[in-house]
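Report on the structure given below.
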Amino acid sequence: MPQRLSTYLQNTYGKKIYRLSLSSGCSCPNRDGHIVLPDGRTLTQGCSFCSEGGSGEFASGFTDIDTQIDLAKKIIAKKTNARSFIAYFQSYTNTYGNVSRLSSLYRQVADRSDIEILSIGTRPDCLDPDIMEMLKDLNAVKPVWIELGLQTVHEKTAARIDRGYMLETFEASYLRLKEAGLSVIVHVIFGLPGESKEDMLDTVRYLSALAPELDGIKIQNLQILKGTRICDEYLKSPGRKPEARTGGNSTENPDFYIMSMEEYTDLVAEALALLPKNTVVHRMTGDGPRWLLVEPLWSLDKKKVLNMLNQKTKNFWLP
């Protein structure tokens, strides 16, 4: 049975801890032409689902890190009197760049008494030896979580979304991170073009069989956002039915099957049942920026989605 993130944090730290969405100022090799695909293309726009903000629209803009943290804390303070935080570096690839600059930046954050954990989102092809050594050193100061964007275990889909690396790259990096004593959280997207329900569950089955055992998982539905290549594909897809956007499938083209809230929450419940004991579930749904989201519009009602997920998974969780 898996654990909720809130349960894990309470059991481990004895208190509530909140995420602060921050920016490291990194870019991504999928955006600067450093990745050359088998067909000879170089990527300059990121993965096809990735927004201009590098999936980090809710993060502060890159500026002095202490200023970012203070601004993010002020936003949190409107909802809670939290005193302990996770420094969450989500947007782009946060181990891609000058290792000295990144080491200084992350050490400055780790040295703060109000930061309990550093959560660093990255790609498995951006973990060279110098970066690994930096992460190990940081982990001796504060716990470091590494979030790897796998999205899918299927190579055909990975090529379709221009992920830019093979599954074997993920496997090698996963082992190196675990051997270094770092906690690894893997990001998965349900609803990628062309994937069936079993394809999506196969990705979870693969993660559930990893050794050493997976620390955490993030599951979210595909967010079709304005300005992305996947949005352009979707809008041009045959049989698309814009008038059906709040219902279930909004297209007759199975390449872009938009699940209803009911279908999605059923699928997540099935996926959670496959996870090993103690796997920490960090996310069960996504909530793209309202001003960018094209599909699925039901995901904007996050409270309703979470209520449905909680109802369907209420018997799954470790206490």
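The values are calculated or read from the model by the stated rules, or taken from the named source; none is laboratory data. Note that the structure is predicted; figures quoted are calculated from it, not measured. Methodologically, a virtual Cβ is constructed for each residue, glycine included, from the backbone with ideal geometry; neighbour enumeration extends over all protein chains shown.
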*Hits in segment 269-289 (condition: out of contact with any helix residue (DSSP H, G or I) (no Cβ under 6 Å at 6 or more places or on another chain) and either at pLDDT 95 or above or not polar (S, T, N, Q) (or both))*: Glu270, Leu272, Ala273, Lys277, Thr279, Val281, Arg283, Gly286, Gly288, Pro289
_Quick check on Leu20: is it buried (at least 21 other Cβ atoms within 10 Å of the Cβ), aliphatic (A, V, I, L, M) and closer than 24 Å to Thr169 by Cα?_
no
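Being touching a strand residue (DSSP E or B) at 6+ places or on another chain (Cβ under 9 Å), among the hydroxyl-bearing types (Ser, Thr, Tyr), surrounded by 16 or more Cβ atoms within 10 Å (Cβ to Cβ) and at pLDDT below 95 narrows it down to one residue among Tyr257, Tyr264; which is it?
Details: Tyr264 fails: at pLDDT below 95.
The match here is Tyr257.
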_segment 271-301, subset part of a strand (DSSP E or B) and among the hydrophobic types (A, V, I, L, M, F, W, C), residue nearest to the chain's Cα centre (by Cα)_ = Val281
_When you check Leu214 against the structure, is it among the aliphatic types (A, V, I, L, M) and surrounded by fewer than 16 Cβ atoms within 10 Å (Cβ to Cβ), yes or no?_
no
*Can you tell me which of Gly97, Gly33, Gly46 is crowded, with 21+ Cβ neighbours inside 10 Å and outside any helix (DSSP H, G or I)?*
Gly46
*In segment 147-177, what residues are among the polar types (S, T, N, Q) and surrounded by fewer than 19 Cβ atoms within 10 Å (Cβ to Cβ)?*
Thr169
